[in-house]
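The values are calculated or read from the model by the stated rules, or taken from the named source; none is laboratory data. Note that the structure is a prediction, hence the values are computed from the model and not measured. In this analysis, Cβ positions are derived from the backbone assuming ideal geometry, glycine residues included, and neighbour counts consider all displayed protein chains.
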Amino acid sequence: MQSQPVVNKKSPIKIILIIAAIIIILGSGALFYFNVGGISDYTLMNLSKIPLLKGLIQVKQPTNSEDKLKKLADELAVKEKQLQDKETSLNDRQKQLEMLQAQLDKQQSDLNNLKLQLDSKKTDLKTLATYYENMDPQNAANILNQIKDDNVLVSILSNMNKDSASKILEQLNPQRAASITKILFTNASTIP
């Protein structure tokens with residue numbers, strides 16, 4: 001009899017199983033190496049709980065999303081605080097500007113009121129000067145001599161026409177006329 005080589009029919013199945021085992025081992029190693037889904041951290045953390053392996057395995061502190069979220073929340077809180085501080089500063093400046101605008105408006109109103117009062121006084125002074133212009137120069141001079149304030153007298157004479165003012169000035173006592181003339185000259189030389 002001739003001996004026939006014994007062919008093992010199970011050998012292709014063994015090869016397939018070995019290849020499958022290698023693929024599974026390599027796949028698991030890749031998942032562990034690249035830490036897909038946090039599997040490496042999770043596995044190391046669980047292995048470090050085993051008393052024999054505790055000293056051999058060093059587990060990294062988890063940098064989970066909670067830590068990242070807390071850090072981002074802290075940064076956001078700082079930014080919000082800065083924004084709130086800037087908003088408060090802007091509001092304070094706005095209030096200051098509004099107060100300054102109110103003061104400016106009040107001063108403008110006061111200035112307008114003073115201008116109206118001055119215009120009214122000028123009109124009254126012009127009317128008063130007209131009364132003296134229409135009087136006899138001697139009578140007007142007698143009345144004006146009774147006014148003690150030279151500046152008032154100068155204001156009245158300045159609002160008269162030149163002919164009437166000179167006729168009244170001529171009727172005033174000489175020292176008073178000289179004093180009034182000096183003030184009139186000083187006022188005329190200071191006007192640009």
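The table for this structure:
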quantity: Output for the stretch 142-173, where each listed residue is aliphatic (A, V, I, L, M), within 21 Å of residue 187 (Cα to Cα) and part of a helix (DSSP H, G or I); calculated: 144, 152, 153, 154, 156, 157, 165, 168, 169
quantity: Filter result for residue 139 (over 20 Å from residue 184 (Cβ atoms), assigned to a helix (DSSP H, G or I), of a type outside the set (Phe, Trp, Tyr) and in the same structural domain as residue 181 (by TED's automatic domain parsing)); calculated: yes
quantity: Residue that is surrounded by 10 or more Cβ atoms within 10 Å (Cβ to Cβ) and under 32 Å from the mean Cα position of the chain (by Cα), where the choices are 120, 89; calculated: 89
quantity: Cβ-Cβ under 7 Å pairs, at least 6 apart or on other chains, the stretch 101-129 side under 29 Å from residue 153 (Cβ atoms), far side among the basic types (Lys, Arg) and not in a helix (DSSP H, G or I); calculated: none
quantity: Number of the exception - residue 64 against (1) of a type outside the set (A, V, I, L, M, F, W, C); (2) modelled with pLDDT of 80 or more; (3) under 60 Å from the mean Cα position of the chain (by Cα); calculated: (2)
